[in-house]
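The numbers here are math on the coordinates, done by the rules we state, and not lab data. Everything numeric here is computed off the predicted structure, so don't read it as measured data. Neighbour counts are summed over all protein chains in view; Cβ atoms, including those assigned to glycine, are modelled from backbone coordinates with ideal geometry.
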Amino acid sequence: MASTYRDVYGRWQADPQAFWGEAAKAIDWIRAPKTVFDAKAGVYGRWFPDATCNTCFNAVDRHVKAGRGAQTAIIYDSPVTGAKRRISYAELQDEAATLAAALQDQGVGKGDRVIVYMPMIPEAIIGMLACARIGAIHSVVFGGFAAKELATRIDDAKPKAVLAASCGIEPGRVVAYKPLLDAAIELSASKPSAVILLQRPQAQASMTAGRDHDWADLVAKAKAAGRKAECVEVAATDPLYILYTSGTTGVPKGVVRDNGGHMVALAWTMKNLYGVQPGEVYWAASDVGWVVGHSYIVYGPLLYGATTVCYEGKPVGTPDAGAFWRMIEEYGIVALFTAPTAFRAIKKEDPNAEFLKKYSTKSLRTLFLAGERADPDTVAWAERILGVPVIDHWWQTETGWAIVGNPVGLGMLPVKHGSPTVPMPGYDVQIVDEAARPVAANKMGSIVVKLPLPPGALPTLWQQDARMTESYLSEFPGYYKTADAGYVDDDGYLYIMGRTDDIINVAGHRLSTGGMEEVLSSHPDVAECAVIGIKDSLKGEAPCGFIVLKAGVTKAPIEIEKEIVKLVRDKIGPVAAFKIAITVGRLPKTRSGKILRGTMKKIADHDPWTTPATIDDPAILEEIEAALKQHGV
Ligand code: COA
Ligand code: AMP
């Protein structure tokens with residue numbers, strides 16, 4: 001089919017309000033929008049400012065009302081526990097309404113925040129929907145974060161309640177969540193008044209009297225009393241959730257997502273970008289702790305009436321590199337969305353795709369990749385073994401959906417390896433120099449998006465309008481700064497080449513090297529430090545820390561390096577995958593004292609490098625090179 005992309009994008013360009021007003025018809029509003037966009041409201045304007053709605057109603061109840069209650073909403077498949085379960089839309093409505101009533105019993109209401117600290121189990125999704133149902137604002141924290149990271153988020157969100165599970169399960173180990181949660185609450189100034197805890201058989205958590213409630217008990221009691229919460233009317237502009245993401249310091253940014261614009265945008269993408277139909281099985285192999293999980297495990301597929309998949313496992317090792325193929329066959333999955341790292345992991349274990357011979361993947365129409373750069377080798381390998389189009393698309397926690405992609409539902413454009421293709425309607429993407437002047441095709445620059453951002457993208461940071469402006473809007477006036485660099489080719493295809501700040505991407509997980517440096521500096525023997533992301537054939541990037549010890553430290557550097565690795569794991573979490581700490585005599589700096597992280601990265605990556613003219617002492621770069629070699633980098 002010839003692509004209608006150019007017409008559709010052109011339609012959006014000609015009249016963005018008419019375009020989104022039309023898209024908004026896919027949503028069941030309580031009060032339908034009369035105004036599509038108010039440029040004067042909020043930090044850069046607000047979408048659907050006079051409309052009211054409920055996201056849980058649209059994601060669940062309306063499908064039941066339409067007679068599709070028996071359709072499977074969630075497929076839960078957990079190779080780490082052996083559990084499998086299907087939850088219909090009718091059951092999901094029941095579960096969400098009951099848990100929502102239990103939350104109300106704990107005093108949680110519209111506008112209150114609820115932290116969700118849970119692994120990939122359906123109750124995490126039910127918890128998110130229960131919050132949405134009563135207008136409470138959820139903030140999901142990824143299970144691989146340590147207590148301190150959780151505490152920072154608790155302090156910022158000031159939740160009234162926490163929904164948690166007793167444990168998560170990583171291959172070969174049970175990760176007890178409750179001690180981490182207790183430690184986080186202990187550390188935080190803002191104590192939630194209630195914890196609703198799901199006891200999993202793999203780990204029994206101890207309960208704090210007066211604060212902690214057994215999830216199953218509360219739900220059973222609410223069910224026995226016939227208690228169910230109705231969907232609460234909220235403004236389209238009210239926050240649905242806060243999702244914290246790495247910023248350039250150790251203090252994460254609380255990305256706010258609203259109710260109305262979010263629903264409109266996600267419903268549009270399910271059809272036009274992902275090309276799926278209601279009732280089909282759509283699988284985002286990610287985690288509810290990340291934006292991909294929010295948008296495409298939970299809200300996108302459910303708003304659209306598709307069947308979503310909650311997979312508690314890994315691409316390899318649970319039990320083998322055939323796990324994804326088994327899932328596709330068993331559930332008739334039509335679209336798979338994951339991070340390139342997952343495919344690199346499968347390719348590493350099973351380069352000839354022997355496991356694929358055991359399964360039929362004929363239901364699969366498209367593989368979507370995002371979260372990090374999709375290297376052409378991996379894309380070509382996936383295309384070859386699966387025989388379906390492999391679609392890279394580029395977006396961020398902030399935007400909530402693809403800025404640039406290849407719209408399968410509108411008719412695919414030719415794929416160019418290394419490019420996530422073209423801007424989606426809503427995004428006027430430009431490449432600019434430091435003075436915000438557009439640069440020519442094929443020239444690298446900062447990638448910016450002309451304001452306003454489309455529905456679904458962040459309206460602000462949680463209670464920090466000024467930080468929103470300062471972080472994203474002030475450097476290039478009139479534009480949103482993506483903090484990615486890249487270029488556009490002669491056909492208008494975008495190429496993402498890397499971040500312009502200190503964010504790194506480790507196995508599709510976004511991490512701040514600045515945040516890691518704060519942890520390294522807190523070690524009593526460390527005088528100064530630098531953390532850079534170095535190339536990693538599996539995870540894309542891996543953090544590498546350099547430390548300079550304080551004068552007079554007598555402890556062996558190797559011991560301190562081990563302590564540093566443990567410190568990052570304890571303070572940030574295993575997800576940081578911080579494994580390399582290297583002691584050096586001094587760090588390379590410019591004459592004005594700026595650490596030359598870029599040059600250090602080139603040396604570590606074995607890329608060609610030159611000595612910067614501004615360097616204080618060129619000999620230091622050789623010392624860095626020798627230290628890296630000594631550590632096998
Ligand atoms: N709870 C607790 N710990 C977790 C966790 C969780 N939810 N998720 C990951 N971890 C731990 C891992 O067990 C690992 O611990 P270890 O250092 O003791 O081995 C550490 O965090 C690093 O995890 P990860 O980077 O995921 O590496 P891995 O070696 O366990 O797995 C892949 C590698 C490629 C299989 C895995 O990264 C993967 O599936 N990636 C897909 C990417 C993805 O889903 N991205 C989301 C955005 S789309
Ligand atoms: P996150 O907010 O965790 O989704 O991470 C967003 C960042 O991941 C982006 O700013 C990019 O640096 C990177 N990223 C996401 N998708 C892609 C992609 N398709 N290609 C290249 N980089 C990507």
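Quick notes on this structure:
- Using the rule -39500 (n - 2.57) for each DSSP H run of four or more residues, divided by the residues of the chain, the 222 nm mean residue ellipticity is -8000 deg cm²/dmol.
- Listed pairs Lys555/Lys589; Lys347/Lys450; Lys40/Lys271; Lys178/Lys555 exceeding 28 Å between Cα atoms: Lys347/Lys450; Lys40/Lys271; Lys178/Lys555
- Looking at the chain alone, DSSP beta bridges between its own residues are antiparallel in about 60 percent of cases.
- The packing ranking of peptides 158-169, 6-17, highest mean first, is 158-169, 6-17, where packing means the average number of other beta carbon atoms within 10 angstrom of each residue.
- If both residues of a DSSP beta bridge must be in region 54-147, then about 60% of such bridges are antiparallel.
- Bins of 10 Å from zero: percent of alpha-carbon pairs in region 389-528: 11, 37, 33, 14, 5, 1
- Dimensionless Rg over Rh [region 503-630; C-alpha; Kirkwood]: 0.95
- Within the same chain, aspartates and glutamates fewer than 8 places from Lys629 are excluded, and of the rest, those with a Cα less than 17 Å from its Cα are Asp536, Glu561, Asp605, Asp607.
- Of the peptides 49-62, 193-206, the ranking by mean beta-carbon count within 10 Å, highest at the top, reads 49-62, 193-206.
- Region 436-448 - phi-based ³J(HN,Hα) in whole Hz, Karplus 6.51/-1.76/1.60, Gly and Pro as x: 6, 8, x, 9, 6, 3, 6, 9, 6, x, 7, 8, 10
- Links that overshoot a 32 Å alpha carbon limit, given the list Lys348/Lys443; Lys158/Lys566; Lys481/Lys562; Lys535/Lys594; Lys416/Lys602: Lys348/Lys443; Lys481/Lys562
- Taking the C-alpha atoms of region 244-332, convex hull volume expressed per residue in Å³: 118 Å³
- Our Cα-only numbers for region 576-628 put the radius of gyration and Dmax at 11.2, 34 Å.
- ³J(HN,Hα), Karplus 6.51/-1.76/1.60, whole Hz, each residue of region 373-385, x for Gly, Pro: 4, 8, 5, x, 4, 5, 4, 5, 5, 5, 4, 5, 6
- The 3J(HN,Hα) values that the Karplus relation (6.51, -1.76, 1.60; θ = phi - 60°) gives for region 52-59 are, in residue order, 10, 5, 9, 5, 5, 4, 6, 7 Hz. Gly and Pro appear as x.
- Percentage of interatomic Cα-Cα distances in the chain larger than 44 Å: 17 percent
- Mean Cβ count within 10 Å, highest first, over the residues of peptides 236-245, 572-581, 177-186: 236-245, 572-581, 177-186
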